[in-house]
Structures are given as structure tokens and as C-alpha cells.
Amino acid sequence: MSVILVTGSYDHEIRFWEAWSGICSRTIARSGESGQVNRLAISPDKRLLAAAIHKKVYIYEISNGPSTPLTCLDAHSMNVTSVSFHSEGKWLVTGSEDGTIRIWDLRSTQVHRTYDNGAPVNDVCVHPNQGELISCDQAGCIKQWDLSENLCSHELTPAGDVPIRSVSLASDGSCLVAGNNKGKCYVWKINEEKSDLPRYQAVTKFSAHKKYLTRVLLSPDVKYLATCSADTTVKVWSISPNYEFRQEKVLQGHQRWVWDCAFSADSAYLVTASSDHTARLWEMASGETVRQYNGHHKAAVCCALHDGAG
């Protein structure tokens, strides 16, 4: 089973790493090109890397491909803040500071659909049912976008106009977690549309960090939540069946802001990217760093990991 581990940085470079040795196996230098790398996503079949770089999204071949992108998706007018693949890998979803969410057909590289969110988009994720998107924005809103009906079908504003920085959906579609700029996390149980209960049922909220929160991420087995912060730490929270979140570990080692994280498919490891120019691989059981990835010359702000079945 091949492991694809990628990081992106303010130094404009994209680096591929051998997860266990810590050796950088490939660098997409993008020499002479401007634009920092904001977000990364690996296609479900491990064939393609989508890199959100300033206003554009570049698609690269992962296996021994050239350092020139296969294609460039260019329609956003401001920074692209989120990028994710639809399960079959034929579609890509992007969110941007320009206030739009776009769905791209990767076969034609055309914009298939545009949702007007009305406020800068900070994060977007695809529901496991592949029929809905969840976005969060600078105005403090979380929205569900229905892919079949081309509309916003639900809206949540848990903390007024405090910007929502990050959203994460459980792999089984059971719950939604959102984190805001003030370090607070909000959790909703997701009920079936057909039930009499509200689609999003608020179950808990808690303060995860005293400083700015950058990312929330549920583990694939939905037993843990990772939260990244400007306070240089990543916190790991266990999740009980009735949605009680308990702080299990504080991952300490990064020297500056931690911007992004990614779980291994078995939820046993976590990769993090930090302003201290490094990325780290953490073992969840011990909370220890098992590998550090050195090579970026500026802040490492995004990472992606795919070690599951291709």
C-alpha cells in the first residue's frame, strides 16, 4: 500500500515525502512562479494532486509525473481556501475568498456549477453521501449545499458573526464539527432528512484553544477530533457515543502556528504542517512525534496524506 504524503508552503514549493524515512522524494519547485500554496488534496485513486495556489487550482500527476501541472482551473477571483475531491475523483470542489464555491468537471476542466455564498469561504467538505457540501465562512455561517437541487438547504450560525475557520464531517455522516476564530468548537448530530428531528441537532460546544483555531479534523474512525491552533499545539479529543469530547492529548513540538493536519486511514497517525517550516508525523497512541519533515524554507501551511486503498 503506497503512502502519499505531500506538503505545501509559503516558499511556493510542493514537497512529496517518504513517510517513514522522512526523506523528500520529489519537489515541485514552481521556480519563478508566484503564489503561495494554500491547500492540497489527493484524489481517491492516488493518481492526482490538486493544489490551491493563490486564485488557481493546479492538478499534478502524482506518480513520477512532470513538475508541470496537467491542467489549471482558473475561475476564482481571489485566494482559493479549500479543495476536495468527490469520491469518484471526476469532480473537484473549491471554495474561495471571492465568496463562491465551485464544482469542476475534471474531464473537461470546466466549472460545472457555482454557488454564491455571499461571504469569503474558509472551508468546504463533501458529505460522505456525495450529494451535499458543507461550507463555512468569514461571516460566521455554516451552509449545506444540495448538489441535486443547486441550492443552500440548511444554514447554521452558532456564534453570530464570529468567522468559522474550519469544518469536518464524520466519515459515516453521523456528525459535523466546526471551529471558529476564537478557538471554540461546535458539534451537531446529523439526522436523516426523513426523520422528524432537525437535520443538524446541536449536541455540544467547547473551548478547544485560547488562541486562533486553524483546523478541525475528525479521524476516519470517528473516535477522535484533532484541533490545530496558533498556540503551536494540536489537541486530540476523544468522542464518546453520546458526543462528549474529552481532551486526550496535547501534541507539543512545533515552534509556531500549526495550520493543517491529516489522519492516516487507520486513524493511528496524524500529519501536521506548521509555520516553523516543518511537518511532523505523530503517533496517536503515544502522542509523540515519530518523524519530522525538514526542507521547506518558509511556513508549511498545508498537508495531505493518502495511505488507504487507491
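The values are calculated or read from the model by the stated rules, or taken from the named source; none is laboratory data. Bear in mind that the values here come from a model prediction, so they are computed numbers and not experimental data. Ideal geometry is used to build each Cβ from the backbone, glycine not excepted, and the neighbour counts take in all protein chains shown. Protein only, heavy atoms only, side chains kept; ligands, DNA and RNA dropped before computing areas. Shrake-Rupley method; radii C 1.70, N 1.55, O 1.52, S 1.80 Å.
Figures for the structure shown
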quantity: The lone exception for Trp20 - which of (1) in contact (Cβ under 8 Å) with a residue 24 or more places away in the chain; (2) within 21 Å of Ile101 (Cα to Cα); (3) assigned to a loop (DSSP other than H, G, I, E, B) it fails; calculated: (2)
quantity: The stretch 189-208 residues that are within 18 Å of Pro128 (Cα to Cα) and open to solvent by less than 60 Å² (accessible area, probe 1.4 Å), paired with ones that are part of a loop (DSSP other than H, G, I, E, B) and hydroxyl-bearing (Ser, Thr, Tyr) (beta carbon under 7 Å, 6 or more apart); calculated: Ile190/Ser174
quantity: Strands (runs of 3 or more DSSP E) (entirely within the stretch 38-145) containing at least 1 residues that are over 22 Å from Cys303 (Cβ atoms) and over 16 Å from the mean Cα position of the chain (by Cα); calculated: 71-73, 91-96, 100-105, 110-116, 132-137
quantity: Odd one out for Trp259, checked against (1) within 18 Å of Gln36 (Cβ to Cβ); (2) without any contact (Cβ under 8 Å) to a residue 60 or more places away in the chain; (3) assigned to a loop (DSSP other than H, G, I, E, B); calculated: (3)
quantity: The stretch 22-41 - residue that is within 20 Å of Ser274 (Cβ to Cβ) and of a type in the set (S, T, N, Q) and, of those, least open to solvent (accessible area, probe 1.4 Å); calculated: Asn38
quantity: Matching residues in the stretch 277-297 - criterion: being in a loop (DSSP other than H, G, I, E, B) and in contact (Cβ under 8 Å) with a residue 40 or more places away in the chain; calculated: His277, Met284, Gly287, Asn294, Gly295, His296, His297
quantity: Search result, residues across the stretch 298-309 that are within 17 Å of Leu40 (Cβ to Cβ), outside any strand (DSSP E or B) and open to solvent by 30 Å² or more (accessible area, probe 1.4 Å); calculated: Lys298, Asp307
